[in-house]
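Since the structure comes first, as structure tokens, the remarks are kept for the end.
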Amino acid sequence: MNLILLGMPGAGKGTQAEIIQRDFDVANISTGAMMREVSRSEGELAEKVQTFLSSGTLVPNEIIVEMLVQRISESDCDKGFLLDGFPRNLDQGKALDAAGVAIDLVLFLSISEEEIVKRMSGRRVHPESGRSYHIIYNPPEKEGLDDVTGEALIQREDDAPEVIKKRLDVYYRETEPLLDFYRNKNLKFIEIDASRPLDEVTESIRQSISN
Ligand code: AP5
């Protein structure tokens, strides 16, 4: 099973992707996590990627598409994969088609902008693993610390209020057109109400995948 998680920034894609990976044993590919890893390395590419991440704009297709197609060709994807954060615009969707990548299911996590702002402003992450928490909705066992490693959690720099606004603008302009792109394709497209509590969203996703 190859599946795509679509949704606004902060809709809960990364949180649900971790659960799906565990439950269904698929490779979990987050292009946001890939880009954050690149930005933590040294050199010109790292610096370039960092400027896109911190401003809330998309990393250009010529950097990201090849990396993603290469990642999908790795052996852990043979059993199926989950894409979180890719495609992000129509050209990336078409690039997947051109590379002959078959998608079985698209899950669209729908949610209001008001809820998104609450989620992103309360988000805390473990930078190394990408594990994501929320100070109220999904707190770690010990305040400010990652449940697995006990290391400090941080706030993502693109969760600053002015960058959240920019990311939402980018979503409406670039990513939203992908909803119709996939609705009109010969695959299963399911909209999930992602404004509900975490467990309820997970249950809907499990049912959609199992069906
Ligand atoms: P990326 O990392 O993909 O960010 P995003 O899509 O903006 O999504 P987020 O990670 O912010 O949110 P999420 O939906 O995963 O929510 P989460 O589960 O954390 O991309 C970052 C950047 O990388 C982009 O801006 C771009 O520059 C670059 N990039 C990435 N992919 C690219 C591409 N394909 N092309 C070009 N550039 C690319 O949840 C959010 C919060 O809510 C958490 O605190 C969580 O605990 C909480 N929460 C989750 N679910 C619930 C719930 N049901 N109820 C209450 N709280 C919840």
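Numbers below:
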{"quantity": "Exceeding the 26 Å Cα-Cα cut-off - candidates LYS79/LYS118; LYS48/LYS188; LYS13/LYS166; LYS166/LYS188; LYS79/LYS165; LYS79/LYS188", "calculated": "LYS79/LYS118; LYS48/LYS188; LYS166/LYS188; LYS79/LYS165"}
{"quantity": "Residues of type aspartates and glutamates that LYS185 reaches as a straight line, Cα spacing below 17 Å, ignoring anything fewer than 8 places off in the same chain", "calculated": "ASP91, ASP97, ASP104, GLU176"}
{"quantity": "Length added when fully stretched, GLU157-GLU203, from 0.36 nm per residue minus Cα-Cα", "calculated": "13.5 nm"}
{"quantity": "Cα coordinate range in the chain, projected on the principal axes (Å, largest first)", "calculated": "45, 43, 34"}
{"quantity": "Charge tally in the Cβ shell below 14 Å around LEU168, where Lys, Arg are +1 and Asp, Glu are -1, LEU168 excluded", "calculated": "-2"}
{"quantity": "Per-pair calculated FRET efficiency, R0 = 25 Å: SER54 and ASN138 via Cβ, rounded to 0.05", "calculated": "0.50"}
{"quantity": "Residues of the stretch 68-92 with amide N under 14 Å of the 7 Å Cα→Cβ point at ASP180", "calculated": "90"}
{"quantity": "Using a Förster distance of 22 Å, the FRET efficiency for ALA98-LYS188 (Cβ separation, nearest 0.05)", "calculated": "0.55"}
{"quantity": "Highest average packing first - 81-92, 139-150, 5-16, Cβ atoms within 10 Å", "calculated": "5-16, 81-92, 139-150"}
{"quantity": "For the chain, built as a Gaussian network whose Cα springs stay under 10 Å, the top-fluctuating residue of TYR182, TYR133, TYR172", "calculated": "TYR172"}
{"quantity": "Surrounding net charge for SER39, when Lys and Arg each add one and Asp and Glu each subtract one, Cβ distance under 14 Å", "calculated": "-3"}
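No lab work stands behind these numbers, since they all come straight from the coordinates. Since the model is a prediction, treat every value here as computed from it, not as a measurement. Methodologically, a virtual Cβ is constructed for each residue, glycine included, from the backbone with ideal geometry; neighbour enumeration extends over all protein chains shown.
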